[in-house]
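Have a look at the structure below, then the notes.
Values quoted throughout were computed directly from the atomic coordinates according to the rules given, and no laboratory measurement underlies them. All values derive from a computational prediction rather than experimental measurement. Heads up, the Cβs are rebuilt from the backbone with ideal geometry, glycines too, and the neighbour counts pull from every protein chain shown.
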Amino acid sequence: MGKYLQVFMTVDDREKAEIIADRLVEKRLAACVQITGPITSVYHWKGKKERSKEWLLIIKSDENRYSLLEEEIKSLHSYEIPEIVASPIVFGNKSYLAWIDDNLMGTNDGAEKDKF
């Protein structure tokens, strides 16, 4: 497996967040997607200060899948320039990282669910 990543992205609607999360997990581009919100984002856009209600998605994946994951998000996202940023997971519980591997590869049958 490649290096593990946490990918952060925002979307303006809870339903859209659910759709993107489901698609990424179904396609094994993400082992897990956490959705939190609503959050408030403050930023400049096209010369004006904006304030928006958004939902934050925290996506567990790896370097090998990042390009496909980004493509998939862009194909589903409504923003002109969606936030998609990745941070490496430098350290982590070895069992959890193995669980990410299993889920990205499609080898987790759910039997380990109770361990978390």
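Where does the charge balance sit around Leu56 when Lys and Arg score +1, Asp and Glu -1, over other residues with C-beta under 12 Å from its C-beta?
Details: positive: Arg14, Lys53; negative: Asp12, Glu54, Glu83.
Taking every other residue near Leu56 into account, the sum is -1.
Using the Karplus curve 6.51 cos²θ - 1.76 cosθ + 1.60 with θ = phi - 60°, work out ³J(HN,Hα) for each residue of the range 69-81 in order, rounded to whole Hz, and write x for Gly and Pro.
Working through the residues one at a time gives 4, 4, 4, 5, 4, 4, 5, 9, 7, 9, 6, 5, 10 Hz.
As a footprinting exposure proxy, order Glu80, Glu18 by other Cβ within 10 Å, with the fewest listed first.
Numbers: Glu80 7, Glu18 15.
Listed from fewest to most nearby Cβ atoms, that is Glu80, Glu18.
Can you compute the helix-only [θ] at 222 nm over the chain? Use -39500 (n - 2.57) per DSSP H run of at least 4 residues, normalise by all residues, nearest 500 deg cm²/dmol.
Working: 3 runs with 36 residues, N = 116.
The helix contribution divided over the chain gives -9500 deg cm²/dmol.
Please turn the phi angles of the range 100-107 into ³J(HN,Hα) values with the Karplus equation 6.51 cos²θ - 1.76 cosθ + 1.60 (θ = phi - 60°), one per residue in order, whole Hz, x for glycine and proline.
Going residue by residue, I get 4, 3, 4, 6, 5, 8, x, 9 Hz, with x marking Gly and Pro.
Any chance you could count the Lys pairs in the range 4-108 whose alpha carbons are under 19 Å apart, treating pairs 8 or more apart or on different chains as valid?
Details: Lys16/Lys27; Lys16/Lys53; Lys16/Lys60; Lys16/Lys74; Lys27/Lys60; Lys27/Lys74; Lys60/Lys74; Lys60/Lys94.
Total qualifying Lys-Lys pairs in the range 4-108 comes to 8.
Hey, fewest Cβ within 10 Å first, where do Ser52, Ser61 land in order?
Details: Ser52 13, Ser61 26.
Ranking Ser52, Ser61 by Cβ neighbours within 10 Å, fewest first, gives Ser52, Ser61.
In whole angstrom, how long is each semi-axis of the equivalent ellipsoid of the range 4-108, when you take the square root of 5 times every eigenvalue of its Cα gyration tensor and sort them from largest down?
Ellipsoid semi-axes (Å, largest first): 26, 14, 12.
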